Amino acid sequence: MLKIKDKVNLKELEKYGFEFDTSSGFYERKLDNNWWNIICVDEDKEIFEMREEIGYWTCIFSDEECFNVKNIDDLIKADLVVKVEE
């Protein structure tokens, strides 16, 4: 699983286009400029993707094959991400 490093303040994600959503409690960034496909970071700093498909949301965690790590390349290059074992 991929997550934001413990030493990183989540507010730093705002530099990378993330916004804090008070209703969900996640930092979120639109993919392809669409709110129905977003990268989220939760309070435990875990990274996952949410996709809306036919009226319901699918959650894709960073350890699954269908999570596209290229969507967080900027965070990886900035050394904000760490891989952890579950």
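The values are calculated or read from the model by the stated rules, or taken from the named source; none is laboratory data. All values derive from a computational prediction rather than experimental measurement. When we count neighbours, we look across all protein chains shown, and the Cβ atoms used for this are built from the backbone with ideal geometry, even at glycine. Please note that ligands, DNA and RNA were not included when accessible areas were found on the heavy atoms of the full protein model with its side chains. Shrake-Rupley method; radii C 1.70, N 1.55, O 1.52, S 1.80 Å.
Say the cut-off is 19 Å between C-alpha atoms; which of K11/K70; K5/K77; K15/K70; K7/K83 go over it? Walk me through the intermediate numbers first.
Numbers: K11/K70 21 Å; K5/K77 13 Å; K15/K70 17 Å; K7/K83 14 Å.
In this structure, K11/K70 exceed 19 Å between Cα atoms.
Give the accessible area for F61 in Å² (nearest 10); use a 1.4 Å probe, count only protein heavy atoms, and leave out ligands, DNA and RNA.
70
What nm distance separates the two modelled labels at F20 and C66, each placed 7 Å from Cα along Cα→Cβ?
Using points 7 Å along Cα→Cβ, the separation is 3.1 nm.
Place +1 on the Cβ of every Lys and Arg and -1 on the Cβ of every Asp and Glu in the chain, take the dipole about the Cα centre, and give the residue among V69, S23, W36 whose Cα lies farthest towards its positive end.
V69
Taking only protein heavy atoms into account and a 1.4 Å probe, give the accessible area per residue of the chain in Å². Numbers along the way, then the final one.
Details: 5560 Å² over 86 residues.
Heavy-atom SASA per residue in the chain reads 65 Å².
Measuring from label point to label point, each 7 Å out along Cα→Cβ, what is the K83 to E52 span in nm?
It is 3.3 nm.
(i) 37, 27, 21; (ii) 27, 26, 26; (iii) 52, 31, 22: which one is Cα extents along the principal axes in Å as calculated from this entry?
Evaluating Cα extents along the principal axes in Å on these atoms matches (i).
Hey, got the dipole for the chain? About the Cα centre, +1 on K and R Cβ, -1 on D and E Cβ, debye to the nearest 20? It would help to have the intermediate numbers written out before the result.
Numbers: 12 positive and 22 negative charges, 76 e Å.
Roughly 360 debye for the chain.
Out of the total accessible area of the chain (probe 1.4 Å, heavy atoms of protein only), what percent is carbon and sulfur? Write down the numbers at each step before the final one.
Details: 2620 of 5560 Å².
After summing per-atom areas, the C and S share lands at 47 percent.
What order do D32, D21 take when sorted by accessible area (1.4 Å probe), most exposed first? Mind dumping the intermediate values first?
Working: D32 130, D21 45 Å².
From most exposed to least exposed: D32, D21.
Of all trypsin sites (Lys or Arg not before Pro) in region 2-86, which ones are in loop regions per DSSP and have a Cβ with at most 10 other Cβ atoms within 10 Å?
On the way: sites: K3, K5, K7, K11, K15, R29, K30, K45, R51, K70, K77, K83; in loops: K5, K7, K45.
Passing sites in region 2-86 are K7.
Ranked by accessible surface with a 1.4 Å probe, highest first, in what order do D74, D6 come?
D6, D74
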